[in-house]
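A.B. asks: Below are the structure tokens for one structure; questions will follow.
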């Protein structure tokens, strides 16, 4: 089974660049601030979905029924990733928090909520890079 984490890493790069651009904005009421904030949040959402799909694929590599893994909800994929050593326990908790925040971004479009999401993103970028490395390690070992 093969795995390519390049797209996941690209989403992390995009998110990181959006955050850097956002830091350079001097007017938090300006359109550019909104543009970079929105780009960061969308990059967060895309990378979270991509990471989840890759973790699901990695969980299948540990055996069991692929169909059963396909039936798992996202949070259970995160827990299974912890069980199989893709994530450690603190990372599972952080990823569950990221997922809860992402679920809320789909329903709450307020500025305060967007700003709350922004506070999570620097740590999230580090976690995405770490999980990409671990996923690649799992699949390199399985090859």
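A.B. asks: Between residue 70 and residue 33, what FRET efficiency comes out of the Förster formula 1/(1 + (r/R0)^6) with R0 = 35 Å and r the beta carbon distance, rounded to 0.05? Provide the component values of the computation, followed by the final result.
C.D. replies: Working: r = 40 Å, r/R0 = 1.15.
Working from the Cβ atoms, E equals 0.30.
A.B. asks: Would you mind checking the tilt of helix 6-23 against the longest principal axis of the Cα atoms of the chain, expressed as 0 to 90 degrees and rounded to 10?
C.D. replies: Approximately 20 degrees, to the nearest ten.
A.B. asks: More than 13 Å apart: what percent of Cα pairs in segment 49-112 qualify?
C.D. replies: Numbers: 1263 of 2016 pairs.
Tail of P(r) above 13 Å: 63 percent of Cα pairs.
A.B. asks: Sum -39500 (n - 2.57) across every DSSP H segment of at least 4 residues in the chain, then divide by the residue count to get the 222 nm mean residue ellipticity, nearest 500.
C.D. replies: Calculated at 222 nm, the ellipticity per residue is -27000 deg cm²/dmol.
A.B. asks: For 43, 97, 65, 81, what ranking results if the residue with the fewest other Cβ atoms within 10 Å of its Cβ goes first? Each step should come with its number before you reach the end.
C.D. replies: On the way: 43 23, 97 13, 65 9, 81 27.
Fewest-to-most Cβ neighbours within 10 Å comes out as 65, 97, 43, 81.
A.B. asks: Additional query: Using the scaling law 2.2 N^0.38 Å as the reference, what is the normalised Cα Rg of segment 6-142? Kindly include the intermediate steps, with their values, before the conclusion.
C.D. replies: Details: Rg = 15.8 Å, N = 137, 2.2 N^0.38 = 14.3 Å.
So the Cα radius of gyration is 1.11 times the expected 2.2 N^0.38 Å.
A.B. asks: Let me ask something additional. Quick one: length gained pulling residue 103 to residue 49 fully straight, 0.36 nm per residue minus the C-alpha distance? Intermediate values should be presented prior to the final figure.
C.D. replies: Numbers: separation 54, 0.36 × 54 = 19.44 nm, distance 1.12 nm.
Full-extension gain reported as 18.3 nm.
A.B. asks: Sticking with this one: What is the distance, in nm, between label points placed 7 Å from the Cα along the Cα-to-Cβ direction at residue 62 and at residue 88?
C.D. replies: The answer from the label model is 1.6 nm.
Throughout, read-outs are computed from the coordinates displayed, never taken from laboratory work. Owing to the predicted nature of the structure, the values given are computational and were not obtained by experimental measurement. Glycine also receives a Cβ, built like all others from the backbone with ideal geometry; neighbour counts cover every protein chain displayed.
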